[in-house]
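**Student:** One structure coming up, written as structure tokens, with questions to follow.
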Amino acid sequence: MTAEKYYNLLIRTIKVSDYPQKEDVLSLLRGAFITFAPQYQFTTKSWQHYEDVEIRVAPEYKARLEQYLKQLQKWCAEIYEGTEEYDIGNVYIRIGEGKSQEQISQEVYFEYLQAQIIGELNRAKYAIWVAVAWFTDPVLFELLKKKRELGLNIQIIIDDDKINADAGLPFEDSFETYRIPAFGKYFNNIVHHKFCVIDLETVIHGSYNWSKKAQYNKETLSIEHSRDIAERFADEFIRIKRERM
């Protein structure tokens, strides 16, 4: 397993855990990366060496992350795949340059998509911008209302059509909302976008509409943690919003 795959698996393992402080751990690991450091010491298996797992973080995060070292050691041991040559040794938190903002952490999902969206929305701290064709899921709607009550900036772009109208969700009463009307013979103004920008750091996108029906379809969902990509999706969100204003 490469260091990059190991890092991504570690993040996924933390996300699905029931560790009470996992959100703080995830925020500290957002710009981290993994290195493997082979050791001269042999394990009990013939010709197999130990290798240490080094979690590299920015200097200002090191002390805070060290508070969770014991739990990180458990997670790292759980996901480590030993080989004939190496088995896991110690886990250390080291200072490193960290990932550049242009590097992407991407996860792709094919099931439990609503749950993945809920997890990302729960982690939002500042802003959530949603642009989807159809938004009829009351669970996601109520979660956005709770985030708005916590002071987050919530903005919604949806199609101005019968599907959204019949859903009966009071978007305008709850959020800054822009409904995009269809026009032309082929309804070429319909919003085919399905994306959500969170805190200008995370993007959720794919084939999944935020609808009740989508939960029973075969859909895909991609979650990318990248400032650069998030800003590009935010630019597109603003462009659509300006056209409607």
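**Student:** Answer yes if at least one residue in segment 155-174 is under 17 Å from residue 117 (Cα atoms), part of a strand (DSSP E or B) and polar (S, T, N, Q), and no otherwise.
**Tutor:** Yes, the conditions are met somewhere in segment 155-174.
**Student:** So in segment 99-117, with the set limited to residues that are within 21 Å of residue 6 (Cβ to Cβ) and of a type in the set (A, V, I, L, M), which one is modelled with the highest pLDDT?
**Tutor:** Ranking the qualifying residues of segment 99-117, first place goes to 108.
**Student:** Could I ask something else about it? Can you go through 88, 156, 128 and tell me which one is in contact (Cβ under 8 Å) with a residue 24 or more places away in the chain and in contact with a Lys or Arg (Cβ under 8 Å, 6 or more places away or on another chain)? Working first, answer last.
**Tutor:** On the way: 88 fails: in contact with a Lys or Arg (Cβ under 8 Å, 6 or more places away or on another chain); 156 fails: in contact with a Lys or Arg (Cβ under 8 Å, 6 or more places away or on another chain).
Matching residue, one of 88, 156, 128: 128.
**Student:** Follow-up. Return yes when residue 121 is within 22 Å of residue 11 (Cα to Cα) and modelled with pLDDT of 95 or more and no when it is not. Before the answer, list the steps.
**Tutor:** Details: within 22 Å of residue 11 (Cα to Cα): yes; modelled with pLDDT of 95 or more: no.
It is false that residue 121 is within 22 Å of residue 11 (Cα to Cα) and modelled with pLDDT of 95 or more.
**Student:** A follow-up question, please. So residue 223 fits all but one of (1) more than 26 Å from residue 181 (Cα to Cα); (2) assigned to a helix (DSSP H, G or I); what number is the exception?
**Tutor:** Exception for residue 223: condition (2).
**Student:** May I pose another question? Name the single residue that is farthest from residue 14 (Cα to Cα) among those in segment 36-89 being open to solvent by 80 Å² or more (accessible area, probe 1.4 Å) and among the polar types (S, T, N, Q).
**Tutor:** Here the residue is 46.
**Student:** Now for a different question. Can you pull out the residues in segment 117-134 that are open to solvent by less than 10 Å² (accessible area, probe 1.4 Å) and under 19 Å from residue 180 (Cβ atoms)?
**Tutor:** 128, 130, 131, 132, 133
**Student:** Quick check on segment 135-155: of everything there that is of a type in the set (Val, Ile, Thr) and modelled with pLDDT under 95, which residue is surrounded by the most Cβ atoms within 10 Å (Cβ to Cβ)?
**Tutor:** In the first step, residues of segment 135-155 are kept if they are of a type in the set (Val, Ile, Thr); the result is 136, 139, 154.
Restricting the remaining residues to those that are modelled with pLDDT under 95 gives 136, 139.
Working: 136: 20, 139: 13.
Ranking the qualifying residues of segment 135-155, first place goes to 136.
**Student:** Then there's this: Does residue 237 count as open to solvent by less than 30 Å² (accessible area, probe 1.4 Å), modelled with pLDDT of 90 or more and in a helix (DSSP H, G or I)? First the steps, then the outcome.
**Tutor:** Values: open to solvent by less than 30 Å² (accessible area, probe 1.4 Å): yes; modelled with pLDDT of 90 or more: yes; in a helix (DSSP H, G or I): yes.
Answer is yes for this residue.
The values are calculated or read from the model by the stated rules, or taken from the named source; none is laboratory data. Computed from a prediction, not measured in an experiment: that's the story for all the values here. Backbone-built Cβ (ideal geometry, glycine too); neighbour counts: all protein chains shown. Each accessible area value is taken on the protein alone, full model and side chains, heavy atoms only, with ligands, DNA and RNA left out. Shrake-Rupley method; radii C 1.70, N 1.55, O 1.52, S 1.80 Å.
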